[in-house]
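Report on the structure given below.
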Amino acid sequence: MESSFIISAASQKQFPEHPYSEIGLMGKSNCGKSSLVNALLQRKKLAYRSATPGSTVMINFYKVSAGDKGVFILADMPGYGYSKTNKAVSKGWNDLMEAFFNRGCLRKVFFLIDIRRKIEDFEIKYLKYLYKLGVQLTVILTKNDKVKKSEIHKAMNQMKKVLETEGKMTKLNFHSISSLKGTGVKDLQDSLFS
Ligand SMILES: Nc1nc2c(ncn2[C@@H]2O[C@H](COP(=O)(O)OP(=O)(O)O)[C@@H](O)[C@H]2O)c(=O)[nH]1
Ligand SMILES: [Mg+2]
């Protein structure tokens, strides 16, 4: 698999033009998005190197080619959840996301959440929005090395239940990973092309 950084886009105008489908990574700041990009693409510092520090709202685009399996674009979305205004997402985040979601390139979203956290209402709201758009959703519980093995299954079942009852979403995929240890990363790599 070959990967390269394309651009950090701060506005719709900077979104790259390409004929491929996109996979978006979404989740709170610090949930492990950049670590997963590096683990998935088997590049030690690709995501950290291109990431802009601070609170700038940007989508980092990467081009990924895997021989006869094809080419796709990976989009590392800006984190959220720690805005100074005490709102979970800023207007800038919301506007950039809406433009990105509605561009018609998005095939799949990896929604990342720290396995020790509970999903929040506004996150369910965004997932439902994507679900209705027909985007394939994969829920990824991250940092599973931080909890006991017995807790992993429990956390996943709980998440499934919440998304089914509160979010009315049934056709979701679930994974749990540790980018640190490499656990579960192979399964996700396989799902990139499906
Ligand atoms: N224990 C553990 N820590 C992780 C894992 N993935 C990421 N981290 C740590 O969590 C912090 C945030 O990770 P990062 O990938 O930058 O998150 P991002 O803000 O969502 O891009 C860093 O200190 C990482 O080293 C993991 O699988 N296990
Ligand atoms: Mg990051």
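The values are calculated or read from the model by the stated rules, or taken from the named source; none is laboratory data. As the structure is a computational prediction, the values presented were derived from the model and not from experiment. Backbone-built Cβ (ideal geometry, glycine too); neighbour counts: all protein chains shown.
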Close pairs (6 angstrom Cβ cut-off, 6 or more residues apart or separate chains): touching a residue at least 40 places away in the same chain (Cβ under 8 Å) in the range 20-35, within 8 Å of ligand 2 (Cβ to nearest atom) and hydrophobic (A, V, I, L, M, F, W, C) anywhere: Ser34/Ala47; Ser34/Ala51
Checking Val162, Val139 in turn, the sole residue that is under 23 Å from Tyr80 (Cα atoms), assigned to a helix (DSSP H, G or I), of a type outside the set (Phe, Trp, Tyr) and free of Cβ contacts under 8 Å to residues at least 60 places away in the same chain turns out to be Val162
Going through the range 155-194 in order, the residues found to be out of contact with any strand residue (DSSP E or B) (no Cβ under 9 Å at 6 or more places or on another chain), over 28 Å from Lys63 (Cβ atoms) and surrounded by 12 or more Cβ atoms within 10 Å (Cβ to Cβ) are Gln158, Val162, Glu164, Glu166, Gly167
So Ile140 fits all but one of (1) away from ligand 2 (no atom under 16 Å from the Cβ); (2) closer than 30 Å to Asp68 by Cα; (3) surrounded by 14 or more Cβ atoms within 10 Å (Cβ to Cβ); (4) aliphatic (A, V, I, L, M); what number is the exception? (1)
Can you say whether Leu40 is under 22 Å from Ser176 (Cβ atoms), modelled with pLDDT of 95 or more, within 12 Å of ligand 1 (Cβ to nearest atom) and not charged (D, E, K, R), as far as the supplied structure shows? no
Tell me whether the range 111-123 contains one or more residues that are among the charged types (D, E, K, R), within 16 Å of the chain's Cα centre (by Cα) and closer than 27 Å to Pro16 by Cα. yes
Yes or no: the range 127-139 includes at least one residue that is touching an Asp or Glu at 6+ places or on another chain (Cβ under 8 Å) and of a type in the set (A, V, I, L, M). no
Could you check the range 1-40 and list, in sequence order, the residues that are aromatic (Phe, Trp, Tyr) and within 16 Å of ligand 2 (Cβ to nearest atom)? Phe5
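Looking only at the range 82-131, count every residue that is in a strand (DSSP E or B) and not aliphatic (A, V, I, L, M) and tell me the total.
Matching residues across the range 82-131 total 5.
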Cβ pairs under 9 Å, 6+ apart or interchain, first in the range 169-183 and among the charged types (D, E, K, R), second crowded, with 17+ Cβ neighbours inside 10 Å, ordered by first then second residue, are Lys171/Tyr131; Lys171/Gln136; Lys171/Leu137; Lys181/Asn144
